[in-house]
Amino acid sequence: MSILQVLTLVNRMKYRLAIFDLDGTILNTLDDLCDSVNFALSAFSMPLRTLDEVRAFVGNGIMKLIERAVPENTSLSTIEAVYETFCEHYKMNSANKTKPYSGVVELLMQLKENGVKLAVLSNKADFAVSVLCELYFKGLFDYVAGEKQGIPRKPAPDAVFNILQYFDIDASQAVYIGDSDVDFLTAKNSGLDCILVSWGFRSKELLRNLGADRIVDDTYELLRYLE
């Protein structure tokens, strides 16, 4: 490919950097999350949760997921024990049923070919984010980050700012792509354009009620927004 062809491809793209949420945006992780939640709950003789309940609980990190899943008035020490049990189980079972959403891998390959830098930013534990991205998207992402100690979780903008600094790219040249209210607020707090996908863990009606003006139903529509 000539230099002119490369420049033409890059100039086609609206953004230099695309930051993706993980769960509900590029990976359908819900079944494995639900299985690990219920494994941890059952270990403490607690009532199990349905898939739809777990769907509503995710988005703010694993500890918050467990806090929402355990019965009301559960002690802090027990919540922490359930959390540890979940993490041990999920480390070994995070890829049993998880799979990329339709068209996502092809979308990422197209963006990478067109010179767009690709990043993942998730509130999922950092160890799980790294493992899943290596397993399902090997070589596609230039930067991968999950929840890390000392860095506020989304929707705080701190982790987004770290990514922008890493690539030396201005917020005006980046876009955040997610599936939830947390992602919408993350983009807003960071000064990034936001695109929300309707195939994830939140309903399209909820996304509309946020005031989001860019909601896409498939990866082809998403690519058109990015071009």
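Check the straight Cα-Cα distances from LYS117 and name the aspartates and glutamates below 13 Å, setting aside those fewer than 8 residues away within the same chain. Cross-link targets: ASP142, ASP168, ASP170. Peptides 211-218, 18-25 ranked from most to least packed, by the mean per-residue count of other Cβ atoms within 10 Å: 18-25, 211-218. For LYS112, a cut-off of 23 angstrom between C-alpha atoms picks up these lysines, skipping any fewer than 8 places away in its own chain: LYS14, LYS99, LYS138. Which one, (1) 0.99; (2) 1.09; (3) 0.96, gives Rg/Rh (Cα atoms, Kirkwood Rh) as derived from the coordinates shown? Derived directly from the coordinates: (1). Across region 71-227, Cα pairs under 8 Å and at least six residues apart give a relative contact order of 16 percent.
Read the figures in this text as sums done on the coordinates, not as results from a lab. Everything numeric in this text was worked out from a predicted model, so none of it was measured. Using ideal geometry, Cβ is built from the backbone for each residue, glycine included, and neighbour counts are taken over all protein chains shown.
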